[in-house]
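Worksheet for the structure shown next.
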Amino acid sequence: MACVVEIRDREIYVLVGTGSAKKLKVSQSLRIFLNDSMFTNHDVNFDAEMISHIKQKLDEHNINFKKIDLVINHRVILTKELTVPKTDRKKLDFMVTNEMIGMFNLTRDFIVDYTVLGETEFEGNKRVHCLTSAMRKSTIEGLELFFEELGMKINSIQSTSNSFLNFVGKLELVNVYEPVIVVDASSSYIRYYLFNHGHFMFMRSIYIHVDDDPQTITKRVYHVLELMNQSQAGDSGKPISRVLLFGFEKRFALMTKIVASGLQLESEVPNIFDVVTPDDANLYDFVNCMGVLV
């Protein structure tokens, strides 16, 4: 049994479960809503009242794990997909780090990590497609101290994009050759992942505030979908063929309407319950956490 904690701006998601890509059993799924943000700029907010509130919620649900895996769903982690020449691991580390430093103007306070997604070939030269992330050392240290206050030690830290792609990949949810957009539409953000020939290509994100006007959200979502569709049609000559929905169930109706209007497609909510138990639509909003377990 493992415990995965996902940090959002003013929410903490906690998932307790066990399993693999063939069978994943969820024992508990818990949302903890916060009055303040977990972060002030890049610094962890060590608010005594917040820590006490989280402790209380964990105690109420008898969640007392000493070790956790952490997923960061916040701007404090920088994420970018990169394609670099194929080489040995040491040189690849150097190239990826240099690319991230140049792209985001990083200082030595940042730690860069990456996952190899696959290989491509361009004009006879092999290249490596990576999903790369960077976080400040001070932010990581702050998170370690924060969870020490909760009696927990962090086993691992990863970005939501990494865990989400792991979930989609392990469950083989995108196994067609046509262009597909997979949308993670939650309460505070909407993230779009583009796949072609079954391979992840790139992603885009928009963040949503509580007081954002629904019409403004609709326009932003439509704009991103339109740009991704145009980009894919320009690259491959094929428009988006399918849109898969994950995230907060209450967002599905809005997203379905926007996709139908903008792309003239019917959205699909994939059936994950051949693998995941129990059959609970609430779990579509915990796929980032489940991506750590599979």
**Report entry** Accessible area expressed per residue, the chain, with surrounding protein chains retained (probe 1.4 Å, Å²)
**Finding:** 50 Å²
Report task. Just tell me which aspartates and glutamates come within less than 18 Å, Cα to Cα, of residue 22; anything on the same chain fewer than 8 places away is out. Result -> 172, 274, 279, 280
Query raised in the report: Out of [x] 26, 22, 19; [y] 32, 24, 17; [z] 30, 25, 19, which label holds the value of semi-axes √(5λ) of the Cα gyration tensor in Å that was computed here?
Result: [z]
Query - For the chain, built as a Gaussian network whose Cα springs stay under 10 Å, the top-fluctuating residue of 200, 246, 33 - result: 33
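So, by mean Cβ neighbours within 10 angstrom, what's the order for 281-287, 36-42 with the highest one leading?
Working: 281-287: 19.7, 36-42: 14.7.
Taking the mean over residues of other Cβ atoms within 10 Å, the ranking is 281-287, 36-42.
Largest first, how would 141, 172 line up by accessible area (1.4 Å probe)?
Working: 141 105, 172 130 Å².
Putting 141, 172 in descending order of accessible area: 172, 141.
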Query - Förster radius 30 Å - calculated FRET efficiency between residue 238 and residue 103, Cβ distance, rounded to 0.05 - result: 0.55
Query raised in the report: Rounded to the nearest 500, what is the chain's calculated 222 nm mean residue ellipticity when only DSSP H runs of at least 4 contribute -39500 (n - 2.57) each, over all residues?
Result: -10500 deg cm²/dmol
Report summary line: Of 129, 199, 53, ordered by accessible area with the largest first and a 1.4 Å probe, the sequence is 199, 53, 129
Report summary line: Reported to the nearest 10 Å², residue 144 has, with a 1.4 Å probe, an accessible area equal to 90 Å²
Query raised in the report: With every protein chain in place, what's the accessible area of residue 79 (1.4 Å probe, Å², nearest 10)?
Result: 40 Å²
Report task. Would you please classify the overall shape of region 74-208 from the alpha carbon gyration tensor, given that a ≥ b ≥ c denote the square roots of the eigenvalues, rounded means a/c under 1.5, and beyond that prolate means a/b larger than b/c while oblate covers the rest? Result -> oblate
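For the chain, list the DSSP H helices whose alpha carbon atoms reach 30 Å or more along the long axis and whose average Kyte-Doolittle value is -1.0 or above? Write out the running numbers ahead of the final one.
Values: long enough: 214-236 (33 Å, -0.64).
For the chain, where a helix must reach 30 Å along its axis and average at least -1.0, the hits are 214-236.
Could you give the dipole magnitude of region 35-171 about its Cα centre, charging the beta-carbon of Lys and Arg +1 and that of Asp and Glu -1, in debye to the nearest 20?
On the way: 17 positive and 20 negative charges, 106 e Å.
In total the dipole reaches around 500 debye.
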Query raised in the report: When the solvent-accessible surface of protein heavy atoms is calculated with a 1.4 angstrom probe, in what order do 167, 248, 46 fall, highest first?
Result: 46, 248, 167
Report task. Leaving ligands, DNA and RNA out of it, work out the accessible area of residue 208 with a 1.4 Å probe and give it in Å² to the nearest 10. Result -> 20 Å²
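What trypsin sites (Lys or Arg not before Pro) does region 101-171 have in DSSP loop regions with at most 15 other beta carbons within 10 Å? Could you put the intermediate results ahead of the total?
Details: sites: 108, 126, 127, 136, 137, 153, 170; in loops: 108.
Counting only loop positions with at most 15 other Cβ atoms within 10 Å, the trypsin sites (Lys or Arg not before Pro) in region 101-171 are 108.
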Query - Whole-angstrom gap from region 246-287 to region 23-44, using each part's C-alpha centre - result: 21 Å
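Leaving ligands, DNA and RNA out of it, report the carbon-plus-sulfur percent of the accessible area of the chain at a 1.4 Å probe. It would help to have the intermediate numbers written out before the result.
Numbers: 7170 of 14810 Å².
Exposed carbon and sulfur together represent 48 percent of the surface.
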Report summary line: Straight-line reach check, residue 67, cutoff 21 Å on alpha carbons, 8 or more apart in-chain or any other chain, hits among lysines -> 25, 55, 57, 137, 153
Report task. Would you work out if region 158-294 is rounded, prolate or oblate? Take a ≥ b ≥ c from the square roots of the eigenvalues of the alpha-carbon gyration tensor; rounded if a/c is under 1.5, else prolate when a/b is larger than b/c, oblate otherwise. Result -> oblate
Query - Positive-end residue of 262, 292, 275, charge dipole of region 228-294 with Cβ unit charges - result: 262
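Over the Cα atoms of region 1-127, Rg to Rh with Kirkwood Rh, two decimal places?
On the way: Rg = 19.2 Å, Rh = 17.8 Å.
Over the Cα atoms of region 1-127, Rg/Rh equals 1.08.
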**Report entry** Gaussian network model of the chain, Cα within-10 Å springs - most flexible of 118, 198, 237
**Finding:** 237
Query - Tensor-based shape of region 102-180 (alpha-carbon gyration tensor, a/c under 1.5 rounded, otherwise prolate or oblate) - result: oblate
Query raised in the report: Using a Gaussian network for the chain with springs between C-alpha atoms less than 10 Å apart, which of these wobbles most: 240, 72, 63?
Result: 63
Query raised in the report: What is the sum of charges around residue 68, taking Lys and Arg as +1, Asp and Glu as -1, for the other residues whose C-beta is under 12 Å from the C-beta of residue 68?
Result: -1
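The values are calculated or read from the model by the stated rules, or taken from the named source; none is laboratory data. Quantities reported herein were computed from a predicted structural model and do not represent experimental measurements. FYI the Cβ positions are ideal-geometry reconstructions off the backbone, even for glycines, and counts take in every protein chain you see. Quick note on the areas: whole protein, heavy atoms, side chains included, nothing else; ligands and nucleic acids left out. Shrake-Rupley method; radii C 1.70, N 1.55, O 1.52, S 1.80 Å.
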